[in-house]
1. Out of T119, T85, which single residue is touching a helix residue (DSSP H, G or I) at 6+ places or on another chain (Cβ under 6 Å), surrounded by fewer than 20 Cβ atoms within 10 Å (Cβ to Cβ) and part of a helix (DSSP H, G or I)?
2. Scan the stretch 157-195 for residues that are surrounded by fewer than 21 Cβ atoms within 10 Å (Cβ to Cβ), hydroxyl-bearing (S, T, Y) and under 23 Å from K16 (Cβ atoms) and jot them down.
3. Would you mention how many residues in the stretch 206-246 are assigned to a loop (DSSP other than H, G, I, E, B) and surrounded by fewer than 16 Cβ atoms within 10 Å (Cβ to Cβ)?
4. Which of the residues that make up the stretch 9-53 are of a type in the set (G, A, S) and within 19 Å of the chain's Cα centre (by Cα)?
5. Go through (1) within 29 Å of S26 (Cα to Cα); (2) over 22 Å from the mean Cα position of the chain (by Cα); (3) surrounded by 15 or more Cβ atoms within 10 Å (Cβ to Cβ); (4) not hydroxyl-bearing (S, T, Y) one by one and return the number of the condition Q93 breaks.
6. Quick one: in the stretch 169-205, of everything that is of a type in the set (S, T, N, Q) and either over 20 Å from the mean Cα position of the chain (by Cα) or part of a helix (DSSP H, G or I) (or both), which residue is nearest to L227 (Cα to Cα)?
Amino acid sequence: MEQKEIGLYVHIPFCKKKCYYCDFTSFSGKEACYEKYVNCLKQEIIKYGTENKTMSKHNLEPEYIVKTIYIGGGTPSIIDEKYITNILDTIKQNFKLKQNTEITIEVNPGTVTKHKLETYKECGINRLSIGLQASQDEILKTIGRIHTYEDFLETYNLARNLGYNNINVDLMINLPGQTLDDVKKTIKNIIALKPEHISIYSLILEENTKLYEMVNSKQLSLSSDELERKMYWYVKQKLEENNYIH
C-alpha cells in the first residue's frame, strides 16, 4: 500500500488577550466555547482519518503517515491541558504516526503552569515554541503582550527543568519603539539560553489590527526601512555566528 508522510496543523483560536499586531483567527473572552470547539475539532479529525483509511484501502489515495503535529493558535496553552490530551489521543486513534513523531505546541508566558507542561510531556509533546517577541518589557506592553521578560524566563527554565530538550523561541524585529540596541540585547539574551531553534519575524502591519489603527492615528510609528534592514542583517549574522543556520 502506498504511503505518504504528512504534517498536521491543529489550530486553537483562543487567547487571553489578542496582541495588537495579530491578524490570525483568534478570540479572547470565549472561555465558554473551549469545550465545544475541541469536540468539533475531534469530530473533524475522526472524519478525515476515517476517510483516508477507506480511500487508501481501495487504492484511491495513499495512506497518510503523520510525521509532525503542530498545535498553534491563538494560544494553545490557554485552554485546559485535558483538551490537548484529548486532541492528541484522537489523532493517534485515527491516523498512523511515524516513529518519533515531532509534536509541537505553542505556549505563551502567563498561560503555562508546571502541571500543564508535565501533562503535555505525558501525552507525547516533545517540542515547545515559546512566544517572547522582545526582552524589553516596555516593548512587550506596547504590542499588547500579556507577559514580561521575567515571565518568559520562568517558563523557559521550567520547561528545561522538566526535561524539554527541543525548544523554539519566537522573536520579532521592526516593532514600534524598538531600537537596534534593543534587538542586539534580545538576541544576546536568547542565544545565552541556548534554545534549539530561534524564529525571527519582521513585523508586518496588517489592516484590521489594533496596531494598524495606532500607527495610522500617529500614536505609534514604525522603524525606517533602513533601520529594519540593519536589524535583519545583524540578526542573521549573529545567529549564524552562533550556529543557528537559516
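1. Exactly one of T119, T85 is touching a helix residue (DSSP H, G or I) at 6+ places or on another chain (Cβ under 6 Å), surrounded by fewer than 20 Cβ atoms within 10 Å (Cβ to Cβ) and part of a helix (DSSP H, G or I), namely T119.
2. Y164
3. 12
4. Hits for the stretch 9-53 are S26, S28.
5. Q93 satisfies every listed condition except (3).
6. T179
Each reported figure results from applying straightforward, stated rules to the coordinates on display, with no laboratory input. Keep in mind it's a predicted model, so treat the numbers as computed, not measured. As a convention, Cβ positions derive from the backbone with ideal geometry for all residues, glycine included, and neighbour counts pool all protein chains shown.
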